[in-house]
Amino acid sequence: MVRLWDAVAGSARGAYKGHSGAVHMVAFSPDSQLVASGSEDGTIRLWNAATGSARAIFKGYWGVAQGSSVFAGLPAGGLKVGRRHS
């Protein structure tokens, strides 16, 4: 589960349910409309930030489980997943 918090108020704003493993990566799109999350279950999920509804599920991203992937929001609203360099 991914929880969205209001950092100023210190209160939970929403919960995004769907991953079956621990979540290690989270990123917002540049316009803050979407949230991407990566989990040990090998999926990257794209969420509507306002409603918490799932927009897309991408399977087969096992590198996320080891924390070896990074997310970058693209200006056109896309999402780039790459490998972290040590």
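Here, each number is a calculation from the coordinates, and none is a lab measurement. Since we're looking at a predicted model, the values are computed, not measured. Virtual Cβ from ideal backbone geometry, glycine too; neighbours counted across all protein chains shown.
Results, tabulated for the structure shown:
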item: Protection proxy ranking of 6-12, 54-60 - average other beta-carbon atoms within 10 Å, highest first; result: 54-60, 6-12
item: Long-range amide H partners of Arg3 with built H, under 5 Å; result: Tyr16
item: Pair Ser20, Ser53: separation of 7 Å Cα→Cβ label points (nm); result: 2.4 nm
item: Global form of segment 1-50, assessed from the alpha-carbon gyration tensor, a/c cut-off 1.5; result: oblate
item: ³J(HN,Hα) computed for each position of segment 6-22 - Karplus, 6.51 cos²θ - 1.76 cosθ + 1.60, integer Hz, glycine/proline x; result: 8, 5, 6, 7, x, 10, 6, 9, x, 9, 10, 9, x, 6, 9, x, 4
item: Per-peptide average of other Cβ atoms within 10 Å, ordering 16-27, 36-47 highest first; result: 36-47, 16-27
item: Cβ-based net charge around Tyr16, under 10 Å, with every Lys or Arg adding one and every Asp or Glu removing one; result: +3
item: Amide H contacts under 5 Å for Ala49, placed H, 5+ residues apart; result: Leu34, Val35
